Amino acid sequence: MTRKFFVGGNWKMNGDKKSLGDLINTMNGAKVDPNVEVVCGAPAIYLDFARSKLDHKFGIAAQNCYKVAKGAFTGEISPAMIKDCGVHWVILGHSERRHVFGESDELIGQKTAHALENGLGVIACIGEKLDEREGGITEKVVFAQTKVIADNVKDWSKVVLAYEPVWAIGTGKTASPQQAQEVHHKLREWMKKNVSEAVASSVRIIYGGSVTGGTCKELGSQADVDGFLVGGASLKPEFIEIINAKQ
Ligand code: PGA
(Lines give C-alpha, C1' and ligand atoms only; values in the text may rest on other atoms or scores of the structure.)
Protein backbone atom coordinates (compact mmCIF):
# COMPACT_ATOMS: atom_id res chain seq x y z
CA MET A 1 0.00 0.00 0.00
CA THR A 2 1.52 3.32 -0.97
CA ARG A 3 0.47 6.22 1.16
CA LYS A 4 0.91 9.69 -0.32
CA PHE A 5 3.43 11.61 1.78
CA PHE A 6 1.68 14.43 3.64
CA VAL A 7 3.38 17.55 4.97
CA GLY A 8 1.31 19.91 7.06
CA GLY A 9 2.47 23.33 8.16
CA ASN A 10 1.03 24.77 11.35
CA TRP A 11 1.53 28.51 11.40
CA LYS A 12 -0.19 28.74 14.82
CA MET A 13 -0.80 32.33 15.96
CA ASN A 14 2.10 33.76 13.99
CA GLY A 15 2.66 36.14 11.14
CA ASP A 16 0.84 39.00 9.52
CA LYS A 17 -0.20 39.73 5.94
CA LYS A 18 3.28 40.94 5.12
CA SER A 19 5.26 38.00 6.51
CA LEU A 20 2.73 35.34 5.52
CA GLY A 21 2.52 36.92 2.06
CA ASP A 22 6.32 36.63 1.76
CA LEU A 23 6.19 33.00 2.89
CA ILE A 24 3.41 32.26 0.39
CA ASN A 25 5.45 33.85 -2.41
CA THR A 26 8.40 31.65 -1.48
CA MET A 27 6.19 28.56 -1.53
CA ASN A 28 4.53 29.48 -4.81
CA GLY A 29 7.90 29.91 -6.47
CA ALA A 30 9.54 26.80 -5.03
CA LYS A 31 10.21 23.52 -6.73
CA VAL A 32 8.28 20.97 -4.72
CA ASP A 33 7.90 17.23 -5.04
CA PRO A 34 4.57 16.69 -6.87
CA ASN A 35 4.08 13.41 -5.01
CA VAL A 36 3.66 15.16 -1.68
CA GLU A 37 0.38 16.54 -0.36
CA VAL A 38 1.02 19.87 1.36
CA VAL A 39 -1.46 21.65 3.62
CA CYS A 40 -0.77 24.87 5.56
CA GLY A 41 -2.67 25.68 8.76
CA ALA A 42 -3.40 29.40 8.76
CA PRO A 43 -4.85 31.54 11.56
CA ALA A 44 -8.63 31.78 11.11
CA ILE A 45 -8.54 35.46 10.28
CA TYR A 46 -6.08 34.82 7.45
CA LEU A 47 -7.78 31.77 5.89
CA ASP A 48 -9.33 33.82 3.11
CA PHE A 49 -6.11 35.76 2.54
CA ALA A 50 -3.98 32.62 2.46
CA ARG A 51 -6.38 30.78 0.16
CA SER A 52 -6.48 33.68 -2.27
CA LYS A 53 -2.66 33.91 -2.47
CA LEU A 54 -1.32 30.38 -2.08
CA ASP A 55 -1.01 28.25 -5.21
CA HIS A 56 -3.85 25.73 -5.38
CA LYS A 57 -1.47 22.80 -5.53
CA PHE A 58 -1.13 23.48 -1.79
CA GLY A 59 -4.04 22.95 0.58
CA ILE A 60 -4.97 25.20 3.48
CA ALA A 61 -6.26 24.11 6.88
CA ALA A 62 -7.98 25.93 9.69
CA GLN A 63 -6.35 25.32 13.08
CA ASN A 64 -9.60 24.63 14.88
CA CYS A 65 -13.37 24.68 14.40
CA TYR A 66 -16.46 24.22 16.52
CA LYS A 67 -18.72 21.16 16.75
CA VAL A 68 -21.93 22.68 15.39
CA ALA A 69 -22.89 24.55 12.21
CA LYS A 70 -23.86 27.95 13.58
CA GLY A 71 -25.32 29.84 16.48
CA ALA A 72 -24.50 31.80 19.59
CA PHE A 73 -20.89 30.68 20.05
CA THR A 74 -18.92 33.91 20.22
CA GLY A 75 -15.41 33.56 18.88
CA GLU A 76 -15.90 30.18 17.21
CA ILE A 77 -15.88 29.21 13.53
CA SER A 78 -17.72 26.39 11.79
CA PRO A 79 -16.64 23.93 9.10
CA ALA A 80 -19.19 25.58 6.79
CA MET A 81 -17.42 28.93 7.20
CA ILE A 82 -14.06 27.30 6.58
CA LYS A 83 -15.35 25.72 3.39
CA ASP A 84 -16.88 29.04 2.36
CA CYS A 85 -13.31 30.40 2.27
CA GLY A 86 -12.31 27.61 -0.13
CA VAL A 87 -10.49 25.74 2.63
CA HIS A 88 -10.88 21.98 2.92
CA TRP A 89 -8.92 20.92 5.98
CA VAL A 90 -8.91 21.50 9.71
CA ILE A 91 -6.38 20.63 12.41
CA LEU A 92 -8.16 19.21 15.49
CA GLY A 93 -6.93 18.10 18.88
CA HIS A 94 -3.61 19.90 18.70
CA SER A 95 -1.77 19.70 22.03
CA GLU A 96 -2.09 23.46 22.48
CA ARG A 97 -5.86 23.14 22.14
CA ARG A 98 -5.83 20.26 24.60
CA HIS A 99 -3.42 21.67 27.17
CA VAL A 100 -3.59 25.47 26.87
CA PHE A 101 -7.33 25.69 26.14
CA GLY A 102 -8.43 22.61 28.04
CA GLU A 103 -10.17 20.77 25.19
CA SER A 104 -11.28 17.33 26.23
CA ASP A 105 -11.09 14.13 24.24
CA GLU A 106 -14.88 14.21 24.08
CA LEU A 107 -14.99 17.69 22.54
CA ILE A 108 -12.27 16.79 20.05
CA GLY A 109 -14.28 13.71 19.08
CA GLN A 110 -17.42 15.79 18.55
CA LYS A 111 -15.51 18.35 16.48
CA THR A 112 -14.01 15.55 14.39
CA ALA A 113 -17.42 14.07 13.65
CA HIS A 114 -18.92 17.44 12.72
CA ALA A 115 -15.98 18.50 10.53
CA LEU A 116 -16.02 15.21 8.61
CA GLU A 117 -19.81 15.26 8.20
CA ASN A 118 -19.44 18.71 6.69
CA GLY A 119 -16.84 17.69 4.17
CA LEU A 120 -13.58 18.84 5.74
CA GLY A 121 -10.49 16.69 5.92
CA VAL A 122 -9.20 16.39 9.47
CA ILE A 123 -5.61 16.40 10.70
CA ALA A 124 -6.27 14.75 14.06
CA CYS A 125 -3.51 15.24 16.62
CA ILE A 126 -2.55 12.99 19.50
CA GLY A 127 0.51 12.70 21.70
CA GLU A 128 1.78 12.04 25.19
CA LYS A 129 3.25 14.51 27.68
CA LEU A 130 6.75 14.12 29.08
CA ASP A 131 5.61 12.70 32.43
CA GLU A 132 3.45 10.19 30.57
CA ARG A 133 6.39 9.03 28.44
CA GLU A 134 8.62 8.84 31.49
CA GLY A 135 5.89 6.96 33.33
CA GLY A 136 5.82 4.36 30.55
CA ILE A 137 2.23 5.08 29.51
CA THR A 138 2.80 6.55 26.03
CA GLU A 139 0.87 3.75 24.33
CA LYS A 140 -2.01 3.89 26.76
CA VAL A 141 -2.35 7.66 26.24
CA VAL A 142 -2.14 7.70 22.46
CA PHE A 143 -4.42 4.68 22.08
CA ALA A 144 -7.05 6.33 24.29
CA GLN A 145 -6.84 9.57 22.29
CA THR A 146 -7.00 7.63 19.01
CA LYS A 147 -10.02 5.65 20.18
CA VAL A 148 -12.08 8.79 20.77
CA ILE A 149 -11.17 10.02 17.31
CA ALA A 150 -11.85 6.61 15.74
CA ASP A 151 -15.26 6.42 17.40
CA ASN A 152 -16.17 9.58 15.46
CA VAL A 153 -14.81 8.68 12.02
CA LYS A 154 -16.79 6.93 9.31
CA ASP A 155 -14.59 7.74 6.32
CA TRP A 156 -10.89 7.37 7.12
CA SER A 157 -9.84 8.58 3.67
CA LYS A 158 -10.45 12.12 4.98
CA VAL A 159 -8.35 11.75 8.11
CA VAL A 160 -4.62 12.15 8.70
CA LEU A 161 -3.43 11.11 12.15
CA ALA A 162 -0.67 13.33 13.55
CA TYR A 163 1.45 11.86 16.32
CA GLU A 164 2.97 14.78 18.17
CA PRO A 165 4.68 14.01 21.47
CA VAL A 166 3.98 17.09 23.58
CA TRP A 167 7.55 17.16 24.89
CA ALA A 168 8.82 17.58 21.34
CA ILE A 169 6.55 20.44 20.29
CA GLY A 170 8.34 23.76 20.02
CA THR A 171 11.15 22.50 22.24
CA GLY A 172 13.81 21.72 19.66
CA LYS A 173 13.76 18.18 21.10
CA THR A 174 12.68 16.05 18.14
CA ALA A 175 11.70 12.44 18.80
CA SER A 176 14.36 10.14 17.41
CA PRO A 177 13.39 8.38 14.18
CA GLN A 178 13.23 5.13 16.21
CA GLN A 179 10.94 6.66 18.84
CA ALA A 180 8.61 8.03 16.15
CA GLN A 181 8.60 4.78 14.17
CA GLU A 182 7.85 2.74 17.29
CA VAL A 183 4.74 4.74 18.16
CA HIS A 184 3.56 4.99 14.54
CA HIS A 185 3.91 1.24 14.14
CA LYS A 186 1.94 0.62 17.33
CA LEU A 187 -0.77 3.02 16.19
CA ARG A 188 -1.07 1.13 12.92
CA GLU A 189 -1.34 -2.14 14.84
CA TRP A 190 -4.04 -0.56 17.00
CA MET A 191 -5.90 0.47 13.84
CA LYS A 192 -5.65 -3.05 12.46
CA LYS A 193 -7.18 -4.48 15.59
CA ASN A 194 -9.79 -1.81 16.31
CA VAL A 195 -10.74 -0.34 12.93
CA SER A 196 -9.76 -2.54 9.99
CA GLU A 197 -6.77 -3.89 8.17
CA ALA A 198 -7.58 -1.74 5.14
CA VAL A 199 -7.65 1.47 7.18
CA ALA A 200 -4.51 0.49 9.07
CA SER A 201 -2.59 0.14 5.85
CA SER A 202 -4.00 3.22 4.11
CA VAL A 203 -4.23 5.87 6.84
CA ARG A 204 -1.43 8.37 6.90
CA ILE A 205 0.28 8.76 10.26
CA ILE A 206 2.46 11.86 10.32
CA TYR A 207 4.96 12.98 12.93
CA GLY A 208 5.12 16.43 14.53
CA GLY A 209 7.41 17.99 17.10
CA SER A 210 10.44 20.13 16.23
CA VAL A 211 10.77 18.77 12.70
CA THR A 212 13.47 20.67 10.80
CA GLY A 213 15.31 20.52 7.51
CA GLY A 214 18.02 18.67 9.41
CA THR A 215 15.82 15.96 10.95
CA CYS A 216 13.18 15.43 8.27
CA LYS A 217 15.03 13.00 6.01
CA GLU A 218 15.73 10.30 8.56
CA LEU A 219 12.33 10.68 10.18
CA GLY A 220 10.64 10.52 6.79
CA SER A 221 12.48 7.36 5.84
CA GLN A 222 10.85 5.35 8.65
CA ALA A 223 8.38 2.75 7.38
CA ASP A 224 5.36 4.08 9.24
CA VAL A 225 6.11 7.81 9.09
CA ASP A 226 3.98 9.18 6.25
CA GLY A 227 4.86 12.84 6.61
CA PHE A 228 5.03 15.64 9.13
CA LEU A 229 3.16 18.34 10.93
CA VAL A 230 5.57 21.24 11.18
CA GLY A 231 5.23 24.28 13.43
CA GLY A 232 8.19 26.66 13.71
CA ALA A 233 9.96 25.52 10.55
CA SER A 234 6.79 25.89 8.45
CA LEU A 235 7.18 29.67 8.73
CA LYS A 236 10.62 29.58 7.13
CA PRO A 237 11.90 28.78 3.64
CA GLU A 238 13.23 25.60 5.30
CA PHE A 239 9.66 24.27 4.95
CA ILE A 240 10.42 23.58 1.28
CA GLU A 241 13.27 21.25 2.29
CA ILE A 242 10.87 19.42 4.59
CA ILE A 243 8.28 19.05 1.82
CA ASN A 244 11.03 17.56 -0.35
CA ALA A 245 12.34 15.26 2.41
CA LYS A 246 11.73 12.13 0.35
CA GLN A 247 13.66 13.32 -2.71
P1 PGA B 1 7.00 22.58 16.14
O2 PGA B 1 5.40 22.43 16.23
O3 PGA B 1 7.41 22.02 14.80
O4 PGA B 1 7.27 24.03 16.27
O5 PGA B 1 7.56 21.75 17.26
C6 PGA B 1 4.75 21.30 15.76
C7 PGA B 1 3.27 21.42 15.98
O8 PGA B 1 2.86 21.97 17.02
O9 PGA B 1 2.47 20.96 15.15
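The values are calculated or read from the model by the stated rules, or taken from the named source; none is laboratory data. Just so it is clear, the model here is predicted, and its values are computed rather than measured. Here Cβ is always computed from backbone atoms with ideal geometry, including for glycine, and neighbour counts include all displayed protein chains. Just so you know, the surface numbers come from the protein's heavy atoms only, side chains and all, with ligands and any DNA or RNA stripped out. Shrake-Rupley method; radii C 1.70, N 1.55, O 1.52, S 1.80 Å.
Each residue in segment 126-177 was checked for being without any contact (Cβ under 8 Å) to a residue 12 or more places away in the chain and within 16 Å of the ligand (Cβ to nearest atom), and 1 of them qualify. Scanning segment 227-247 for residues that are among the charged types (D, E, K, R) and either within 15 Å of the ligand (Cβ to nearest atom) or part of a strand (DSSP E or B) (or both) yields LYS236, GLU238, GLU241.
All told, THR138 meets the bar of being more than 16 Å from the chain's Cα centre (by Cα), over 30 Å from ASN28 (Cα atoms) and open to solvent by less than 50 Å² (accessible area, probe 1.4 Å). Of the helices (runs of 4 or more DSSP H) entirely within segment 153-220, none holds at least 3 residues that are surrounded by fewer than 21 Cβ atoms within 10 Å (Cβ to Cβ) and of a type in the set (Asp, Glu). If I ask for residues that are within 12 Å of the ligand (Cβ to nearest atom) and charged (D, E, K, R), which ones from segment 80-99 would you list? Of everything in segment 80-99, those that are within 12 Å of the ligand (Cβ to nearest atom) and charged (D, E, K, R) turn out to be GLU96, ARG97, ARG98.
Evaluate the following for LEU130: is it farther than 28 Å from SER221 by Cβ and either touching a helix residue (DSSP H, G or I) at 6+ places or on another chain (Cβ under 8 Å) or open to solvent by less than 70 Å² (accessible area, probe 1.4 Å) (or both)? Spell out the reasoning first.
Details: farther than 28 Å from SER221 by Cβ: no; either touching a helix residue (DSSP H, G or I) at 6+ places or on another chain (Cβ under 8 Å) or open to solvent by less than 70 Å² (accessible area, probe 1.4 Å) (or both): yes.
Taking the combined requirement at face value, the residue does not satisfy it.
Would you say ILE24 is more than 21 Å from ARG204 (Cβ to Cβ) and touching a helix residue (DSSP H, G or I) at 6+ places or on another chain (Cβ under 6 Å)?
On the way: more than 21 Å from ARG204 (Cβ to Cβ): yes; touching a helix residue (DSSP H, G or I) at 6+ places or on another chain (Cβ under 6 Å): yes.
In short, yes.
Here are the criteria: (1) touching a residue at least 60 places away in the same chain (Cβ under 8 Å); (2) closer than 21 Å to VAL39 by Cβ; (3) in contact with a helix residue (DSSP H, G or I) (Cβ under 9 Å, 6 or more places away or on another chain). Tell me which single one ALA180 does not satisfy. (1) is the only condition that ALA180 fails. For first residues located in segment 71-95 and under 17 Å from GLY9 (Cα atoms), partners that are within 16 Å of the ligand (Cβ to nearest atom) and in a helix (DSSP H, G or I) and lie 6+ apart or on another chain with Cβ distances below 6 Å form the pairs LEU92/ILE108; GLY93/ILE108; SER95/VAL166.
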